[in-house]
Amino acid sequence: MPANDSVKIPDINRLLAAFAHREADRVPNFEITINGRGISHILGTQTDQGLWQLSPESSVEVVNRIGQDAIPCPIQFHLEKASICSNEDFDRIKKSVAYPDVKSKLESYLKIVKGTKIGVCPCLSGPLTASYVAAGPISIESFMIMIFEQPELVESLLDFYTEYTLNAINKIKDLPFHFLYIGDDVTGFIGPDRLGDLWAERHEKIITAAKATGRPVMCHCCGPMADVLPYFRKWEIDAIHPMQPNVNNIYQIHRDYPEFALVGNIDINLLSFGTKEEIMVDTKKHIDSLSDDNSYVVCSSHSIIDSVVPENYLAMIQSAWE
């Protein structure tokens with residue numbers, strides 16, 4: 001989809017305006033990631049790589065074609081397939097960890113957007129998601145059991161990832177990126193009574209470091225967000241994502257938490273199985289109902305996964321342009 005006039009050209013100032021509740025030429029559109037099916041359609045060449053796996057050059061080509069105002073630069077770190085079951089497992093794995101060079105990676109993204117209006121968004125993970133992904137043998141289920149049976153191991157994992165993220169922010173803080181994305185899927189895995197001591201104390205340290213860079217912060221949390229929104233308010237988060245519609249009422253969130261820019265909520269089920277007309281109607285409803293303070297960003301309720309029909313995704317974007 002060529003970008004021929006000004007509203008179709010990526011412009012980070014448009015997205016930053018939404019974060020600050022300021023008027024821009026149109027509602028921004030943004031996706032944190034787009035999977036291979038969507039990328040293949042946008043670029044016109046077959047690939048199984050998603051937006052996070054593409055080179056910076058290809059990422060720029062993608063966002064130019066869809067009028068997206070920023071490219072994500074993934075600098076998060078996971079112990080992939082670690083299957084940690086004990087303190088001994090964790091101690092052994094830590095000895096062979098190869099950490100990514102986050103500064104060099106971000107610099108490569110910033111270099112490629114120089115001379116354009118495309119923004120760059122470093123993407124980091126909060127401590128909880130990274131920890132339960134590393135747990136074994138059955139990831140999430142094992143982690144939930146560990147909370148009761150091996151609390152010291154859980155605390156060690158959470159501290160490990162918190163420290164990584166704090167170090168990553170420190171390494172990039174002086175680079176001219178535009179905003180930070182921090183994702184952590186926390187609700188539904190642990191009760192609100194443990195959310196405070198296991199997650200919030202650590203996540204607050206990350207948010208404090210992120211806010212100290214002087215750039216806006218977008219926080220992601222899949223699932224029902226009711227338990228985390230009071231924390232996000234306390235920490236003065238700028239934008240929240242993605243507000244999945246089956247468990248979140250975005251219109252109520254807009255009324256109850258007017259300080260947040262809202263990014264998302266266009267149902268990926270509709271994007272996967274609906275018609276273009278249905279998607280345009282729903283997207284325009286979001287824009288009309290949520291843009292009274294210029295703070296809504298058109299975005300899916302998660303990401304552009306491979307079940308999403310590419311033409312439907314482009315219909316959503318088209319609605320933002322009109």
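The values are calculated or read from the model by the stated rules, or taken from the named source; none is laboratory data. What you see is a predicted model, and the numbers here were worked out from it, not measured in a lab. Virtual Cβ from ideal backbone geometry, glycine too; neighbours counted across all protein chains shown.
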Could you figure out which of (1) farther than 22 Å from Leu110 by Cα; (2) touching a strand residue (DSSP E or B) at 6+ places or on another chain (Cβ under 8 Å); (3) at pLDDT 95 or above isn't true of Glu155? (2)
Mind listing whichever residues of segment 21-43 are out of contact with any helix residue (DSSP H, G or I) (no Cβ under 9 Å at 6 or more places or on another chain) and assigned to a loop (DSSP other than H, G, I, E, B)? His21, Ile32, Thr33, Asn35
Find the residue count for segment 174-188, including only residues that are crowded, with 19+ Cβ neighbours inside 10 Å and out of contact with any strand residue (DSSP E or B) (no Cβ under 8 Å at 6 or more places or on another chain). 2
Determine whether segment 216-234 contains at least one residue that is in the same structural domain as Ile190 (by TED's automatic domain parsing) and of a type in the set (Ser, Thr, Tyr). yes
All conditions in (1) modelled with pLDDT of 95 or more; (2) among the polar types (S, T, N, Q); (3) not assigned by TED's automatic domain parsing to the domain that holds Pro176 are true of Asn4 except (1)
If the Cβ limit is 6 Å and pairs must be 6+ apart or interchain, which residue in segment 185-201 that is in the same structural domain as Glu152 (by TED's automatic domain parsing) pairs with which residue that is of a type in the set (Ser, Thr, Tyr)? Asp185/Thr129; Ala200/Tyr231
Matching helices (runs of 4 or more DSSP H) fully within segment 58-173 where at least 1 residues are over 21 Å from the mean Cα position of the chain (by Cα) and surrounded by fewer than 14 Cβ atoms within 10 Å (Cβ to Cβ): 87-94, 102-113, 140-149, 151-172
Please report, ordered by residue number, the helices (runs of 4 or more DSSP H) entirely within segment 225-322 with at least 3 residues that are not hydrophobic (A, V, I, L, M, F, W, C). 229-234, 250-256, 276-290, 310-321
Selection count, segment 191-221, where residues are closer than 17 Å to Tyr181 by Cβ, out of contact with any strand residue (DSSP E or B) (no Cβ under 8 Å at 6 or more places or on another chain) and in a loop (DSSP other than H, G, I, E, B): 2
